[in-house]
Structures are given as C-alpha cells and as structure tokens.
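The values are calculated or read from the model by the stated rules, or taken from the named source; none is laboratory data. In this text the structure is predicted, and so the values were computed from the model without any measurement. So basically every Cβ, Gly included, is an ideal-geometry build from the backbone, and we count neighbours across all protein chains shown. Just so you know, the surface numbers come from the protein's heavy atoms only, side chains and all, with ligands and any DNA or RNA stripped out. Shrake-Rupley method; radii C 1.70, N 1.55, O 1.52, S 1.80 Å.
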Amino acid sequence: MLHIHDLHVAYGNVDALKGISLEVRAGEIVALIGSNGAGKTTTLSAISGLLRPKRGQILFEGVEITRLAPYEIVRRGLVQCPEGRQIFARLTVAENLRLAAGHRRDRSAVARDLERVLGLFPILGERQQQIAGLLSGGEQQMLALGRSIMSAPRLLLLDEPSLGLAPLVVERIFQVIADLRREGVTILLVEQNAWQALRLADRAYVIETGAITLSAPAPVLLEDPRVKAAYLGG
Amino acid sequence: MTYLLQQTVNALNLGSIYALVAIGLTIVYGILRLINFAHGDMMTVGAYVALAALSALVLPVWSAMLLAMIVAGAIGIVIERLAYRPLRGSREVAMLITSLAISSLIQNSATMTLTAQPRPLRLPAELARRFEWAGLTIAPIDGLILLLSILLMVLLSLFVKYTTIGIAMRACSERVWTTHLMGVHVNRVIAVAFGVSAALAGIAGVLWSGKFGLVDPFTGFVPGLKAFVAAVIGGVGSIPGAMVGGYLLGFAEVFFVAFAPPALSGYRDAFVFVLLLAILLVRPAGLFGLEEGRRA
Ligand SMILES: Nc1ncnc2c1ncn2[C@@H]1O[C@H](COP(=O)(O)OP(=O)(O)O)[C@@H](O)[C@H]1O
Ligand SMILES: [Mg+2]
C-alpha cells in the first residue's frame with residue numbers, strides 16, 4: 001500500500017534521512033521505532049508532503065505521491081495524526097472535527113463518522129462546543145485521533161500517540177488503534193514507547209540517525225537482544 | 001449636546017472605515033505574519049474603480065460599490081499569487097519589504113497613468129446632500145457608511161464562524177503546518193483571505209472618498225496606517241479586536257480634534273500614535289491580543 005524507496009530528506013544542509021526504504025502492506029500495523037531525534041517525524045512529514053525529499057520515491061497504492069501537495073495526499077486517504085496532538089486550541093471541539101472532514105463531499109458518510117468518533121470518545125460529545133484548548137492532554141489526543149478518523153483514512157500515520165499520557169488513556173488510544181485496523185484501516189505507528197508499539201504491530205522497523213537499521217516481525221523484535229537493550233529498558 | 005452628537009456621528013463614520021480596513025490587515029497578519037503595507041492602497045484602488053464606474057460608466061452607486069469590491073479583491077488575490085506566495089517560507093521581513101514595494105508600485109503607476117491630481121468622487125445627490133436634522137448636519141452617506149460597514153462586519157463574522165473555509169482561515173492563523181494535514185487546500189484559503197481583505201479595503205476606499213469627496217493616488221495611505229494602528233490596538237490577528245480597535249481609534253481621533261485646544265488639532269495623527277504607544281505599554285498584545293501559538 002505504501003512503498004518508500006531510498007528517501008533522503010535534509011533540513012538546510014543537515015541530513016535528517018539518509019536513504020530510508022520501507023513498506024506497509026494493506027491491513028497491517030507497522031511500527032517505526034527509534035529514539036528521540038532518529039528521524040521518525042521527518043519520515044512522516046515527508047510522506048504527508050510537508051517536506052520535499054532531496055531524493056527517493058514515495059508510492060501510495062502504486063501511485064507516486066512524492067511531489068503532491070499535502071491536501072492531495074490526505075484526500076487520497078493517507079492521513080497523519082501528528083506528534084504532540086497539534087489540535088487547534090482556539091477552535092471548538094466540533095470545529096476541529098469538522099475541519100478535518102472539510103474536503104469530503106459525502107455528507108452522510110461524514111455524519112456517520114462523526115457519530116462514530118463521538119461513540120468512541122463520549123467526552124468529545126459532551127465538550128463539542130468548548131474551545132479545544134480547554135481539554136486535558138488525554139482528551140486532546142482523543143480529539144486528534146477523532147480528527148484523523150473524520151478525514152476518512154485508509155492509511156493512518158500515527159506519530160507518538162502515547163506521548164505524555166496517563167497509562168489508562170494510553171490503553172484506550174491503543175484499543176481504538178486496534179479497532180481501526182479491524183475495520184480495515186492500515187496503520188504506520190511511530191513510537192518511542194517501543195514495548196506498546198511492538199505488542200500491537202505486525203512488523204516493525206528500527207530507525208537510527210536517519211537510517212533503518214533493523215526490520216522484522218514485531219514478535220521477533222520484542223525478543224531481539226539489541227532492541228531489548230536499546231528500546232525496552234534491557 | 002448637539003456638538004457631542006455631531007462628533008459621535010463623525011467618529012462612527014471614521015471608525016467604521018478604520019475597522020473595515022483593519023480587519024483585512026489582521027486576517028492577513030493572522031495567517032502569514034505579514035504586515036501588509038500595500039493594504040491601504042486597496043482603498044485607493046476601490047475609490048478609483050468607483051470613480052470610473054460612476055463617471056465613465058454611469059453605473060448606479062450600488063453597482064459601483066460592488067465593482068470596487070470585486071476589482072480590489074481580485075487585485076489582492078493576484079498580488080498574493082505573484083508577489084507573496086513565492087516568498088512563503090522565507091523570512092517574514094522579505095514579505096514585509098515586498099509589500100512596501102507593491103505599495104509604491106501602485107502609488108507610482110496610479111500617478112503616472114491617472115496623474116497625482118485629486119479628482120472629485122461625486123456620489124449621487126440623494127446620498128451626498130447634507131441636511132439639518134435635530135441640530136445635526138448629516139448626509140445619507142453618514143448612515144450608509146455605518147450601516148454598510150456593520151452589515152459587512154456581520155457577514156464576515158458569520159463567514160469566519162460558520163463556513164468550512166472560515167474555520168480553515170482560523171485554523172491557519174493558529175498553525176498552518178497542521179492545517180495542511182487536515183486536507184485543507186491552504187493556498188486556496190490564503191487566496192480567499194487576501195481577496196476578502198482587499199475587497200473590504202476597496203469598499204472602505206469608496207466610502208472614504210465618497211465622504212471626503214476626493215481620490216488621488218495616495219488616498220489610502222494615511223487611513224491604511226491608521227487602520228494598522230487600529231489593528232494593533234485591538235490585537236493583531238484578532239478580527240473582533242480589529243473592529244473594536246477601528247471604532248476606538250475613530251472616537252479617539254475625532255474627540256481629540258473636537259476637544260483639544262485648537263492649536264493641537266494639527267497633531268491628530270501624532271496623537272493616534274501616542275495613543276497606540278500608551279495602549280501597548282499597558283497591553284503589549286493589544287486589547288484582544290492572542291498569545292502566539294506554536295507555528296512549525
Ligand atoms: N525543523 C527542523 N529543522 C532542523 N532540524 C530538524 C528539524 N526538525 C527535526 N530536525 C532534526 O532532524 C533530526 C530528526 O528529527 P525528527 O524527525 O523530529 O526525529 P524523531 O521524530 O525521531 O524524534 C533530528 O536531528 C532533529 O534535530
Ligand atoms: Mg518525533
């Protein structure tokens with residue numbers, strides 16, 4: 001479904017990605033793990049069209065999207081839920097959700113998805129008319145995920161959805177991610193929380209300083225001594 | 001008492017025009033962090049278009065106003081496309097200097113093609129005729145300025161509050177980067193923002209020249225600066241702030257001239273800037289100032 005081939009991305013003259021190749025097949029959950037500054041967010045930004053790669057190709061469903069504008073990429077069903085939630089704090093909860101579905105023409109499908117989001121996260125329903133900046137961290141993550149659902153993803157890029165959240169909220173978020181996959185959404189999950197990610201994922205890649213250093217089925221990586229030492233706290 | 005009322009009418013007029021112009025400055029600043037020095041010149045464009053429409057084409061005044069909005073709006077969109085968009089992502093000062101250059105370009109080309117000679121913008125007699133009423137000297141144009149401005153501000157507020165593109169405009173002013181990820185065609189949103197801003201300035205130019213009677217290539221310059229002050233007073237980036245700032249400035253200026261010793265009334269423009277400094281000392285972000293969101 002997603003093929004990345006030899007992707008190079010630089011900030012000015014500092015290379016952040018030095019030839020990344022990876023693949024996500026339809027129906028999978030693939031984890032991308034790596035420590036802070038390894039290049040995970042940069043990879044996702046390049047996929048979403050926010051950064052122009054120096055070199056390399058990105059194909060989504062067989063079509064090259066490397067030079068498409070971000071909105072065109074989203075409209076193909078490749079949606080990103082960004083790092084640190086990035087909700088629109090001055091918009092209401094309802095406006096945040098509506099904005100993410102703004103490009104969709106099928107109103108009844110949008111209405112169904114809204115029902116669904118409010119069913120998954122009832123707190124968002126109670127707070128629809130509130131300014132999103134007043135939500136707690138966990139609620140903001142729910143809103144960010146709800147927003148992604150409103151964009152009708154077929155492939156969802158999740159950038160550290162568990163970052164800074166209480167364990168109960170993390171569990172809820174991961175449940176919803178598992179549900180989404182069961183409904184047919186393919187997922188590329190970026191995490192520093194490697195243990196959580198590897199338990200959920202089918203396969204995983206390890207990224208270090210802008211290059212993929214390991215790739216294997218997730219259960220294998222969970223047992224890998226190098227992964228254990230570096231990402232699972234021994 | 002009558003004198004006070006008369007000054008209030010004047011202040012409402014001036015304030016309405018400042019507010020209309022300040023809104024456009026604040027919208028564009030909110031999204032691009034650009035202080036658009038060419039914004040006041042959209043008033044000039046609007047005033048000249050109305051002049052042509054009324055005198056050469058002999059259109060009714062309503063169509064002339066509509067035409068002024070459309071032409072100014074279209075020019076605003078073209079300027080963004082040709083001048084500002086290529087600079088997006090470079091330093092903010094590059095766009096600022098470009099807007100200064102565009103302002104001079106508009107002023108100079110108007111001077112060369114239309115001469116610097118001020119021309120009378122004559123509104124139909126039924127709008128311009130002054131009459132005495134309850135001791136006040138007013139003309140229908142005074143009421144028109146106030147009502148039309150309020151109508152436009154209400155429409156703009158509804159647009160920004162309820163339409164998808166209005167929500168997208170507010171989202172862009174908070175974090176453009178993330179707005180891209182929502183599937184929003186951000187370039188289109190920015191084009192709409194420029195179009196709406198310039199159209200409001202265009203109609204403000206018609207009202208200004210309609211009230212004061214003259215158009216020249218520099219018509220929009222001083223009210224453009226004042227509108228900038230109004231936007232800063234209200235808190236740049238805030239649309240309600242721009243509206244309140246516009247009226248506040250209108251009242252401050254008119255009442256300064258009305259009640260200060262006559263020897264000082266020549267200092268009205270200086271007074272405006274002193275007022276600005278005073279307000280910024282107390283509230284550095286302006287009255288409705290918003291803290292900067294993270295902008296990646
Ligand atoms: N906007 C930026 N400008 C310059 N360098 C950046 C920028 N964003 C990230 N980097 C650098 O690129 C590298 C990869 O960063 P990032 O992709 O954010 O890592 P991760 O998401 O894995 O923590 C880091 O060295 C980081 O310092
Ligand atoms: Mg990151």
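Can you list the residues, at least 5 places off or on another chain, whose amide H is less than 5 Å from the amide H of B:LEU214, using H built in the peptide plane?
B:LEU121
Once Lys and Arg get +1 and Asp and Glu get -1 on their Cβ, which of B:VAL184, A:GLY119, B:LEU280 lies farthest toward the positive end of the dipole of the protein assembly as shown?
Final value for the positive-end residue is B:VAL184.
Carbon and sulfur atoms: what percent of the 1.4 Å accessible area of region A:1-141 do they account for?
Here carbon and sulfur together make up 48 percent of the probe-accessible area.
Per residue, what volume in Å³ does the convex hull of the Cα atoms of chain B enclose? Please list the in-between numbers first.
Numbers: hull volume 40.5 nm³, N = 296.
Per residue, the Cα convex hull of chain B comes to 137 Å³.
Given H placed 1.01 Å from N in the peptide plane, which residues other than close sequence neighbours of A:LEU32 have an amide H under 5 Å from its amide H?
The answer is A:LEU189, A:VAL190, A:GLU191, A:TYR205.
List every residue whose amide H lies under 5 Å from the amide H of A:GLY19, counting only residues 5 or more places away in sequence or on a different chain, with H placed 1.01 Å from N in the peptide plane.
A:LEU7, A:HIS8, A:VAL9
I need the shape label for the protein assembly as shown. Rule: rounded when a/c is under 1.5, else prolate if a/b > b/c, else oblate, with a, b, c from the alpha carbon gyration tensor.
Note, shape of the protein assembly as shown comes out prolate.
To the nearest whole number, what is the average tally of beta carbon atoms from other chains within 10 Å of the beta carbons of peptide A:99-110?
Average neighbour count from other chains, rounded to a whole number: 3.
Through the Karplus equation 6.51 cos²θ - 1.76 cosθ + 1.60, θ set to phi - 60°, convert the phi angles of region A:79-94 into ³J(HN,Hα) values in whole Hz; use x for Gly and Pro.
My calculation for region A:79-94 gives 10, 10, 9, x, 4, x, 6, 6, 6, 8, 5, 8, 8, 6, 4, 4 Hz in order.
Just the number: Rg to Rh for region A:42-114, Cα atoms, Kirkwood Rh, two decimals.
1.02
Which three semi-axes in whole Å describe the equivalent ellipsoid of region A:124-232, each the square root of 5 times a Cα gyration tensor eigenvalue, listed largest first?
Calculated on Cα positions only, the semi-axes equal 28, 15, 12 Å.
Can you run phi through the Karplus equation (6.51, -1.76, 1.60; θ = phi - 60°) for region A:53-63 and list ³J(HN,Hα) in whole Hz, with x for Gly and Pro?
Once rounded to whole Hz, the list reads x, 6, 7, x, 10, 10, 10, 10, 6, x, 10.
Among the lysines, select those whose C-alpha is under 26 Å from the C-alpha of A:LYS54, and discard any that sit fewer than 8 residues away in the same chain.
Counting by Cα, and skipping residues close in sequence, A:LYS54 has these lysines nearby: A:LYS18, A:LYS40.
Averaged over peptide A:61-73, how many Cβ atoms belonging to another chain are found within 10 Å of each residue's Cβ?
Working: counts 0, 0, 0, 0, 0, 0, 0, 0, 4, 9, 11, 2, 3.
Taking the mean over all residues of the peptide, I get 2.
Keeping the other protein chains in place, figure out the carbon and sulfur percent of the accessible area of region B:2-282, with a 1.4 Å probe.
Working: 8610 of 11660 Å².
Percent of accessible area from carbon and sulfur atoms in region B:2-282: 74.
Counting only heavy atoms of protein chains, what accessible area per residue, in Å², does the protein assembly as shown have with a probe of 1.4 Å?
On a per-residue basis, the protein assembly as shown sits at 43 Å².
Which of the peptides B:174-181, A:161-168 is most tightly packed, and how do the rest follow, judged by the mean count of other Cβ atoms within 10 Å per residue? If you can, show how the numbers build up before the last one.
On the way: B:174-181: 22.5, A:161-168: 15.9.
Ranked from most to least packed, the peptides come out as B:174-181, A:161-168.
Pick from B:ALA56, B:ALA278, B:ALA231: which is most flexible by mean-square fluctuation in a GNM of chain B where alpha carbon atoms under 10 Å apart are linked?
Greatest mean-square fluctuation among the candidates belongs to B:ALA56.
Counting partner chain Cβ atoms within 10 Å of every residue's Cβ in B:180-193, what's the average?
Other-chain Cβ atoms within 10 Å of each residue's Cβ, averaged: 6.
Please state the charge dipole magnitude for region A:109-225, taken about the Cα centre, from unit charges on C-beta atoms (+1 on K and R, -1 on D and E), reported in debye and rounded to the nearest 20.
About 360 debye.
Interface A/B, total buried accessible area with a 1.4 Å probe, nearest 100 Å²?
2300
Can you run phi through the Karplus equation (6.51, -1.76, 1.60; θ = phi - 60°) for region A:99-106 and list ³J(HN,Hα) in whole Hz, with x for Gly and Pro?
With coefficients 6.51, -1.76 and 1.60, one gets 4, 5, 9, x, 8, 8, 9, 7 Hz.
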